Amino acid sequence: MGKSLLSTEDLDAAEVSSILDRAAWHKLQLTGPPADRLQPLRGRLVANLFFEPSTRTRVSFEIAAKRLGAEVVNWSSAGTSAEKGETTLDSAKTIAAMGPDVIVIRHPSAGEPRRVAAQLPCPVLNAGDGTHQHPSQALLDALTLREAFGELRGRTLAIVGDIAHSRVARSNLFCLPKLGVKLRLCGPPSLLPSGIETLAPAGMAMATPVLADALREVDAVMLLRIQKERQGEVLFAKDGEYSRVYGLNERTIEWLPADAFILHPGPFNPGVEITPELATSRRSLILKQVENGVPIRMALLERAVAA
Ligand code: CP
């Protein structure tokens, strides 16, 4: 069976670099005439199973599969037997019985794609599971930073926001240090789990609740969305309070080096974690991240079906 990808923790540095290199190759190929493009997944079937909303991830997995020549079926839990009480595993086994070559799963519960993958006959790609992992996002972030800097080793990225509920932060913690990138994790103490930096190798990550300290002399900053849907209680008074202390705006941008880039996995709350002006400024790589989602997912689909 081909290779599932359930967590960036499962990849070593060589595998991460190989996925980025293959994605860069696909990206170059996509700039050429359609007739010249290779379609290594022609005749294959990719099933997208989304138990949680998504725009970027779902659409880019679909586009990636189609660019590779595969057929695609899109399933989302709304309007299906999941609403009648069918379990995640039974829904996944039902789709698997129809013969897809790869299943892509997004789920609100941490660990569910891994649990399901153990019982399916085909590889599974984790498209985001609760607060746990979003491996294809971390890989597209790495590709975006590599394009911006050329060489990643020795660079520093600040990740600011709701670290506690962020699968993006967790995926990047296990991915970027493997490429030599140091991380600074920053957010309100209520959203910054004690000891989170120890998930990265020693010396590769630090945590601080002080935004000015997080932004000082970094090469890039990634803002995270405040995930109200995952917060069981109100962890700070209101959006205005968060934005004043942790938002990237015309005042706090002064702490960021003038040549540092701005990233956000999206979707973003305009005016909360970042102002619309900065999100669309020349320093923003947000749409590059979206663009790079397609070649990264092409590389992952291709890897999944490889013998
Ligand atoms: N970044 C990300 O996962 O976005 P979607 O929820 O739109 O897929």
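The values are calculated or read from the model by the stated rules, or taken from the named source; none is laboratory data. Quantities reported herein were computed from a predicted structural model and do not represent experimental measurements. Note that we place each Cβ from the backbone using ideal geometry, even for glycine, and neighbour counts take in every protein chain shown. All accessible areas refer to the heavy atoms of the entire protein, side chains included, with ligands and DNA or RNA removed. Shrake-Rupley method; radii C 1.70, N 1.55, O 1.52, S 1.80 Å.
With every protein chain present, what is the per residue accessible area of the chain (1.4 Å probe, Å²)?
Numbers: 13130 Å² over 307 residues.
I get 43 Å² per residue for this part.
Along the charge dipole of the chain, Cβ charges K/R +1 and D/E -1, which of THR144, PHE50, LEU20 sits furthest on the positive end?
The one lying farthest along the dipole's positive direction is LEU20.
May I ask you to derive the relative contact order of the chain, considering only C-alpha pairs under 8 Å and at least 6 residues apart, and to give it as an integer percent? The partial results should precede the final answer.
Details: 588 pairs, mean separation 68.0, N = 307.
Normalised by residue count, the contact order of the chain is 22 percent.
Taking a 1.4 Å probe, which of LYS66, LYS93 shows the most accessible area, and what order do the others take after it?
Numbers: LYS66 110, LYS93 85 Å².
These residues rank, largest area first, as LYS66, LYS93.
Could you grab the relative contact order for region 125-229? Cα pairs under 8 Å, six or more apart, rounded to a whole percent. It would help to have the intermediate numbers written out before the result.
Numbers: 184 pairs, mean separation 31.7, N = 105.
The normalised contact order for region 125-229 reaches 30 percent.
Once all Cα-Cα distances of the chain are split into 10 Å bins that start at 0, what whole-number percent is in each one?
Whole-percent P(r) values from 0 Å outward: 6, 28, 34, 23, 8, 1.
Over 29 Å between Cα atoms, which of LYS182/LYS288; LYS66/LYS178; LYS3/LYS178; LYS3/LYS84; LYS93/LYS182 qualify?
Working: LYS182/LYS288 21 Å; LYS66/LYS178 31 Å; LYS3/LYS178 20 Å; LYS3/LYS84 32 Å; LYS93/LYS182 40 Å.
From the list (LYS182/LYS288; LYS66/LYS178; LYS3/LYS178; LYS3/LYS84; LYS93/LYS182), the Cα-Cα distance tops 29 Å for LYS66/LYS178; LYS3/LYS84; LYS93/LYS182.
Filter the chain for me: DSSP H helices, axial length by Cα at least 27 angstrom, mean Kyte-Doolittle hydropathy not below 0.0. List them by residue number.
Details: long enough: 286-305 (29 Å, 0.48).
Span-like helices here: 286-305.
Probe 1.4 Å, all protein chains in place: accessible area of MET206 in Å², nearest 10?
Per-residue accessible area (MET206): approximately 80 Å².
Report for the chain the percent antiparallel among DSSP-assigned beta bridges with both residues inside it, nearest 5.
Details: 1 of 36 bridges.
Taking every DSSP beta bridge with both residues in the chain, the antiparallel ones total about 5 percent.
With a cut-off of at most 15 other beta carbons within 10 Å, and DSSP calling the residue loop, which GluC sites (Glu not before Pro) in region 246-282 qualify? Please list them.
On the way: sites: GLU250, GLU254, GLU273, GLU277; in loops: GLU250, GLU273.
When the GluC sites (Glu not before Pro) of region 246-282 are filtered for loop state and at most 15 Cβ neighbours within 10 Å, GLU250 remain.
Give or take rounding to whole Å, what are the principal axis extents of the alpha carbon atoms in region 128-281, in descending order?
40, 32, 24
Over the chain, what percent of the accessible surface lies on carbon and sulfur atoms, probe 1.4 Å? Can you show the working numbers first?
Values: 7050 of 13130 Å².
C and S atoms contribute 54 percent here.
How big is the charge dipole of the chain about its Cα centre, in debye rounded to the nearest 20, if each Lys and Arg gets +1 on its Cβ and each Asp and Glu gets -1 on its Cβ?
Working: 35 positive and 34 negative charges, 102 e Å.
Taking the Cα centre of the chain as origin, the dipole is about 480 debye.
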